[in-house]
Amino acid sequence: MTALKTVTDGAIVAKRNLIKIKRVPDLLVFSTMSPIMFILLFAYVFGSAIKVPGVSYREFLIPGIFAQTVIFGATITGAGLADDIQKGIIDRFRSLPMSRSAVLVGRTGSDVANNVLVIFVMSVTGVIVGWRIRSSVFEAIAGFLLLLVFAYAISWIMAWVGLIVPSPEVVNNASFMLIFPLTFVANTFVPTNNFPAPLRAVANWNPVSAVTQAARQLFGNTSPQLAVPKYWSLQHPIIYTLIWVVVLLAVFVPLSVRQYKRAASR
């Protein structure tokens with residue numbers, strides 16, 4: 001019964017967050033314009049100078065952009081929670097007869113919905129610049145779902161951050177310092193084969209590299225000529241990604257719920 005109440009209350013909070021996006025469309029515009037800019041920048045500016053064996057660079061690129069975008073999209077969770085605490089909205093939620101974790105469930109759930117829309121816009125942009133899905137429908141759906149599940153796990157990290165920092169601006173700065181190197185020291189934009197040895201090891205065990213590699217495989221954007229590094233994480237990217245999802249949720253869901261109970265207006 002408690003779990004059902006959490007889901008029901010969380011759905012109401014998620015609806016509230018989605019209505020907020022509808023009323024402030026700038027949030028959605030800027031969250032979609034950034035990935036479109038990255039696609040166009042890398043496809044047309046850097047793409048001519050980057051060669052990937054056996055596959056079009058644009059097909060190699062788009063899954064990486066997907067991974068980067070949904071991870072950055074998870075920062076909305078932290079910024080939204082920090083803003084709600086700062087404005088005293090969390091205290092109002094706490095005074096209502098609702099599940100303690102419903103606010104977090106609704107916040108992270110609404111950001112999944114936002115990521116679905118962003119991925120759709122990016123997919124259309126990708127098709128326009130030359131990206132194609134070369135696998136089955138079910139594999140493609142699995143690729144999109146894996147990206148969303150991984151982003152959902154990251155959003156719980158951002159939820160915890162949003163509950164412990166003093167303002168949304170700090171969330172944005174802290175998340176940028178964490179996520180920017182995490183998404184660039186990976187195989188998101190270029191193969192890791194030519195990285196310096198220590199950096200290559202870090203990149204190949206980076207979970208962002210795994211989810212990107214898994215998406216490329218599920219979308220059929222790979223080639224036998226593009227050898228997969230001999231690291232277990234990239235030889236089994238779907239399993240490795242799911243392991244990270246389970247670990248992140250197991251750690252940060254309880255931490256976020258506990259911090260939410262302690263959080264107070266600032």
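Kindly indicate the residue of region 129-145 that is of a type in the set (A, V, I, L, M, F, W, C) and part of a helix (DSSP H, G or I) and also most open to solvent (accessible area, probe 1.4 Å) among those meeting that condition.
Initially, region 129-145 is screened for residues of a type in the set (A, V, I, L, M, F, W, C), giving 129, 131, 133, 137-138, 140-142, 144-145.
Now drop any that are not part of a helix (DSSP H, G or I), which leaves 129, 137-138, 140-142, 144-145.
Working: V129: 9, V137: 104, F138: 170, A140: 10, I141: 84, A142: 40, F144: 50, L145: 98 Å².
Residue satisfying both the conditions and the ranking: F138.
Within region 237-248, is even one residue open to solvent by 50 Å² or more (accessible area, probe 1.4 Å) and part of a loop (DSSP other than H, G, I, E, B)?
If we filter region 237-248 for residues that are open to solvent by 50 Å² or more (accessible area, probe 1.4 Å), which is where we start, we get 238-239, 242-244, 246-247.
If we keep only those that are part of a loop (DSSP other than H, G, I, E, B) too, we end up with none.
Checked region 237-248: no residue is open to solvent by 50 Å² or more (accessible area, probe 1.4 Å) and part of a loop (DSSP other than H, G, I, E, B).
Find all pairs meeting these conditions: Cβ atoms under 9 angstrom apart; at least six residues apart or on different chains; first residue within region 245-264 and modelled with pLDDT of 85 or more; second residue surrounded by fewer than 13 Cβ atoms within 10 Å (Cβ to Cβ).
Filtered contacts from region 245-264: no entries.
So in region 77-110, with the set limited to residues that are buried (at least 18 other Cβ atoms within 10 Å of the Cβ) and without any contact (Cβ under 8 Å) to a residue 60 or more places away in the chain, which one is nearest to P35 (Cα to Cα)?
T108
In region 125-146, what residues are of a type outside the set (G, A, S), closer than 26 Å to L41 by Cβ and at pLDDT 95 or above?
So in region 125-146, the residues of a type outside the set (G, A, S) come out as 125, 127-129, 131-134, 137-139, 141, 144-146.
Checking which are closer than 26 Å to L41 by Cβ leaves us with 125, 127-129, 131-134, 144, 146.
The answer is F144, L146.
Yes or no, residue by residue, for (1) part of a helix (DSSP H, G or I); (2) at pLDDT 85 or above; (3) not β-branched (V, I, T):
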| residue | (1), (2), (3) |
| --- | --- |
| G54 | no, no, yes |
| E59 | yes, yes, yes |
| I65 | yes, yes, no |
| I71 | yes, yes, no |
| G78 | yes, no, yes |
| M98 | no, no, yes |
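Using the structure shown, decide if P196 is open to solvent by less than 60 Å² (accessible area, probe 1.4 Å) and more than 16 Å from the chain's Cα centre (by Cα).
Working: open to solvent by less than 60 Å² (accessible area, probe 1.4 Å): no; more than 16 Å from the chain's Cα centre (by Cα): yes.
Answer is no for this residue.
Would you check which residues across region 210-236 are over 18 Å from A186 (Cα atoms) and in a loop (DSSP other than H, G, I, E, B) and list them?
Of everything in region 210-236, those that are over 18 Å from A186 (Cα atoms) and in a loop (DSSP other than H, G, I, E, B) turn out to be G220, S223, P224, Q225.
I'd like to know if region 146-163 contains one or more residues that are without any contact (Cβ under 8 Å) to a residue 40 or more places away in the chain and either open to solvent by 60 Å² or more (accessible area, probe 1.4 Å) or touching a strand residue (DSSP E or B) at 6+ places or on another chain (Cβ under 7 Å) (or both). Outline the logic, then answer.
Pass one, region 146-163, residues without any contact (Cβ under 8 Å) to a residue 40 or more places away in the chain: none.
Scanning region 146-163 turns up no residue that is without any contact (Cβ under 8 Å) to a residue 40 or more places away in the chain and either open to solvent by 60 Å² or more (accessible area, probe 1.4 Å) or touching a strand residue (DSSP E or B) at 6+ places or on another chain (Cβ under 7 Å) (or both).
Is it true that some residue in region 177-187 is modelled with pLDDT under 80, touching a Lys or Arg at 6+ places or on another chain (Cβ under 9 Å) and not β-branched (V, I, T)? Reasoning before the result, please.
Initial filter on region 177-187 (modelled with pLDDT under 80): none.
Within region 177-187, not a single residue is modelled with pLDDT under 80, touching a Lys or Arg at 6+ places or on another chain (Cβ under 9 Å) and not β-branched (V, I, T).
Search region 199-209 for residues being open to solvent by 50 Å² or more (accessible area, probe 1.4 Å) and either part of a loop (DSSP other than H, G, I, E, B) or not charged (D, E, K, R) (or both), and hand back the single one that is nearest to S48 (Cα to Cα).
L199
Residues that are free of Cβ contacts under 8 Å to residues at least 12 places away in the same chain, open to solvent by 50 Å² or more (accessible area, probe 1.4 Å) and among the β-branched types (V, I, T): does region 215-227 have at least one?
Initially, region 215-227 is screened for residues free of Cβ contacts under 8 Å to residues at least 12 places away in the same chain, giving none.
No, that holds for no residue.
The values are calculated or read from the model by the stated rules, or taken from the named source; none is laboratory data. Just so it is clear, the structure is predicted and the values come from calculations on it, not from any experiment. Using ideal geometry, Cβ is built from the backbone for each residue, glycine included, and neighbour counts are taken over all protein chains shown. All accessible areas refer to the heavy atoms of the entire protein, side chains included, with ligands and DNA or RNA removed. Shrake-Rupley method; radii C 1.70, N 1.55, O 1.52, S 1.80 Å.
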